[in-house]
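The values are calculated or read from the model by the stated rules, or taken from the named source; none is laboratory data. Predicted model, so just to flag it, every value in this text is computed and none were measured. Here the Cβ positions follow ideal geometry from the backbone for every residue, glycine too, while neighbour counts run over all protein chains shown. Side chains included, ligands, DNA and RNA excluded: accessible areas come from the protein's heavy atoms. Shrake-Rupley method; radii C 1.70, N 1.55, O 1.52, S 1.80 Å.
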Amino acid sequence: MTIVKKNLLAGIRNLDALLKKSKNVLILSHYNPDGDAIGSLLAMYHYLVKKGIKSSAVVPNDYPEFLFWMKGTKDVIVFHNNRKKVSDLVRNSDVVICVDFNDFERLKGLGPLLKASTATKVLIDHHPNPDGNFLIKIHDTSVSSTAELIYNYIIKTGDKKLLDKTIGECIFAGIMTDTGCFSFNSSSPSTYHIISGLLKLGINKDRIYNLVYDNFSYERMQLMGYCLNEKMVLLPELFTAYIYLSSEEMCKFGFKSGDSEGFVNLPFSIKNIFISVLFAEKRDHIRISMRSRGDFPVNDFCEKHFNGGGHKNAAGGETKLGMKDTIQKFRNALESYKNELELQYKHRQQTLFDTN
Ligand code: 5GP
Ligand code: MN
């Protein structure tokens, strides 16, 4: 049996009741959509369509090719390429379901349109501190991914019979990508209870792994080698490594959206590194992806120093500074956490090598 918290149950019941009287539902996810964003978006979309509810699935900008295999990809409307269509959809929707983000800022240019809409806004998400824009919240920071919440939603509304392989594949993709293939954020037995349910639907988990992780270009692999060889800097006294890439370098390796996926996790293979950052130069800003292992809250760090946020162990942000100044700012900021990082190192040594 799937156990769901009390406040979640209230959110689930409220959304179920709302959907029974809704006419046009819009499902939305965040800028630079990742596997959990697209997996959750499409799982919810397929489910609502199966229920006979008129629904559209929208994201602010393009998403990487390694997610195109999911059924329904051709139905996802990208705001950047269809501004008029999406404006009309937002205006004509009576319910907007936001999945895998909790702050309209994460919609970039689509945010103001949503703010102006009179639709009932619903949140399905696992990021901390949702903003006040949502009337109904299905929110739990303890789950691995938003996709898990979608699974629980479908089960708890009594619609288990509507779960099928297509929905299951999208949910699996969300859980798999948001846990780095079950290497973090995935120690709750309930996650594996859900995976068991998905396998019973007939999903092929190895195929999904191959489609997501074994489908990159030769140039992307070369870029990875270049990053590791020439663009990775270690700050051993801060237990940190970072990789920095200019747009020129990315261009040289035929960079496509999603090509830097996973790069930020590479330095964790190095002994005693538990903070890792990727700085990537975009058209008019530097994008920061930050990860930690253990207790260092990278979401607080990114919020404080780089106008961003996210989860405790995976967050992002951006700056308008140049690369050199961004890195300098990062190093200065991190330096102020030196004592905290040393304590964490000691704690990690004790827990990692504790054999009891
Ligand atoms: P990534 O580094 O993969 O872009 O993002 C890691 C995590 O941080 C994701 O959960 C993502 O939703 C969140 N995140 C990334 N960038 C931002 C940002 O600028 N603001 C906030 N609030 N969250 C972000
Ligand atoms: Mn997520």
(Q) V49 - would you say it is among the aliphatic types (A, V, I, L, M), without any contact (Cβ under 8 Å) to a residue 24 or more places away in the chain and closer than 24 Å to N215 by Cβ? (A) no
Q: Any residue in the stretch 306-322 that's over 23 Å from S145 (Cα atoms) and touching a residue at least 60 places away in the same chain (Cβ under 8 Å): show its pairings with residues that are more than 16 Å from ligand 2 (Cβ to nearest atom) and open to solvent by less than 30 Å² (accessible area, probe 1.4 Å) at Cβ separation under 6 Å, as long as the two are six or more apart or on different chains.
A: none
**Q.** Qualifying residue in the stretch 196-204 (condition: more than 21 Å from T326 (Cα to Cα), surrounded by 19 or more Cβ atoms within 10 Å (Cβ to Cβ) and of a type in the set (D, E, K, R))
**A.** no
Q.
For the stretch 102-130: of the residues being open to solvent by less than 30 Å² (accessible area, probe 1.4 Å) and part of a strand (DSSP E or B), which is farthest from ligand 2 (Cβ to nearest atom)?
A. K121
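What number of residues within the stretch 6-34 satisfy the criterion of being within 13 Å of ligand 1 (Cβ to nearest atom) and more than 16 Å from R106 (Cα to Cα)?
Result for the stretch 6-34: 0.
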Q. For L234, which of the numbered conditions (1) assigned to a helix (DSSP H, G or I); (2) surrounded by 13 or more Cβ atoms within 10 Å (Cβ to Cβ) fails to hold?
A. (1)
Q) Looking at (1) open to solvent by less than 40 Å² (accessible area, probe 1.4 Å); (2) touching a Lys or Arg at 6+ places or on another chain (Cβ under 8 Å); (3) not in a strand (DSSP E or B), can you tell me which one V96 breaks? A) (3)
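For (1) part of a loop (DSSP other than H, G, I, E, B); (2) open to solvent by 10 Å² or more (accessible area, probe 1.4 Å); (3) at positive phi, each residue gets a yes or a no:
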| position | (1), (2), (3) |
| --- | --- |
| I27 | no, no, no |
| Y31 | yes, yes, no |
| D36 | no, no, no |
| L41 | no, no, no |
| H46 | no, yes, no |
| V49 | no, yes, no |
| I53 | yes, yes, no |
| V58 | no, no, no |
| Y63 | yes, yes, no |
Q: Please go through the stretch 174-195 and pick out each residue that is open to solvent by less than 20 Å² (accessible area, probe 1.4 Å) and within 15 Å of ligand 1 (Cβ to nearest atom).
A: G174, I175, M176, T179, S186
Q | Qualifying residues in the stretch 302-312 (those that are open to solvent by 30 Å² or more (accessible area, probe 1.4 Å) and closer than 16 Å to F101 by Cα) - the one farthest from ligand 1 (Cβ to nearest atom) | A | K312
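State whether one or more residues within the stretch 261-282 are within 16 Å of ligand 1 (Cβ to nearest atom), of a type in the set (G, A, S) and surrounded by fewer than 21 Cβ atoms within 10 Å (Cβ to Cβ).
Yes, the stretch 261-282 has at least one match.
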Q. If you check I138, I154, I203, which single one turns out to be modelled with pLDDT of 95 or more and assigned to a strand (DSSP E or B)?
A. I138
Q: Specify which of the listed residues (L201, L135, L149) is within 16 Å of ligand 1 (Cβ to nearest atom) and of a type in the set (A, V, I, L, M).
A: L149
